[in-house]
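The values are calculated or read from the model by the stated rules, or taken from the named source; none is laboratory data. Computed from a predicted structure; not experimentally measured. Here the Cβ is made from the backbone with ideal geometry for all residues, glycine too, and neighbour counts use every protein chain on show. In case anyone asks, the SASA skips ligands and DNA or RNA and just uses the protein heavy atoms, side chains included. Shrake-Rupley method; radii C 1.70, N 1.55, O 1.52, S 1.80 Å.
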Amino acid sequence: MLVARRYRFSASHRLHSPQLTDEKNRALYGKCNNPFGHGHDYVLEVVVQGEPDNITGLIVPVSKLDALVRTAVLADYENKFMNAEIPTYATVVPTTENVTSDIHCRLRAAWPSDFAGTSLATVRIWETKRNIVESNGTRKELAV
Ligand code: NI
């Protein structure tokens, strides 16, 4: 079975690759290349795979999942300018693809031992109503 839970966080970023010229960055990322950055109200969906416990009927206690997401993700991302305040993005462009991968890696690395028998199935992020990225965890970890 799968259980999903949604979270929200606000953060800002600038899409700019140092491996491309300024002109190519502007052409590729458009207004998202604005030097002063811009913000989003991200929606993060965490999907856990497992079977309900025989006694509690739950796959994972929601309060424990919330605590994991709060400490492993939200504490670092909430109200941050990602490019400057999250070390991952010193060398990696904070696209929604890369943010989704980073969050997947963070959650997997911090997965509590009392979640035994469960696994992180999917991390999905809505950057806007029309931009949605999903990670199933097969991507290599990002350089931090
Ligand atoms: Ni953006």
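Laid out as a table, the results:
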item	result
Filtered residues of region 103-118 (kept if open to solvent by 10 Å² or more (accessible area, probe 1.4 Å), of a type outside the set (A, V, I, L, M) and under 14 Å from the mean Cα position of the chain (by Cα))	Cys105, Arg106, Arg108
Residue under evaluation Val144, criteria (1) modelled with pLDDT of 95 or more; (2) surrounded by fewer than 16 Cβ atoms within 10 Å (Cβ to Cβ); (3) of a type in the set (Val, Ile, Thr), criterion not met	(1)
Residue tally, condition over 14 Å from Ser135 (Cβ atoms) and surrounded by 13 or more Cβ atoms within 10 Å (Cβ to Cβ), over region 89-102	4
Qualifying residue in region 121-141 (condition: assigned to a strand (DSSP E or B), polar (S, T, N, Q) and open to solvent by less than 80 Å² (accessible area, probe 1.4 Å))	yes
Thr71 vs. criteria surrounded by fewer than 16 Cβ atoms within 10 Å (Cβ to Cβ), over 25 Å from Arg106 (Cβ atoms) and away from the ligand (no atom under 14 Å from the Cβ)	no
Pairs with Cβ under 8 Å, 6+ apart, first in region 32-55 and part of a loop (DSSP other than H, G, I, E, B), second charged (D, E, K, R)	Asn34/Arg14; Pro35/Arg14; Phe36/Arg14; Gly37/Arg14
Number of positions in region 30-58 that are of a type in the set (Ser, Thr, Tyr) and open to solvent by 50 Å² or more (accessible area, probe 1.4 Å)	1
Val69 being in contact with a helix residue (DSSP H, G or I) (Cβ under 9 Å, 6 or more places away or on another chain) and of a type outside the set (Lys, Arg)	yes
All positions within region 19-37 that are more than 12 Å from the ligand (Cβ to nearest atom) and among the polar types (S, T, N, Q)	Gln19, Thr21, Asn25
Condition check for Asp102: closer than 19 Å to Arg6 by Cα and within 16 Å of the ligand (Cβ to nearest atom)	yes
Test: residue in region 4-18 that is closer than 26 Å to Leu74 by Cα, open to solvent by less than 50 Å² (accessible area, probe 1.4 Å), among the aromatic types (Phe, Trp, Tyr) and more than 16 Å from the ligand (Cβ to nearest atom)	yes
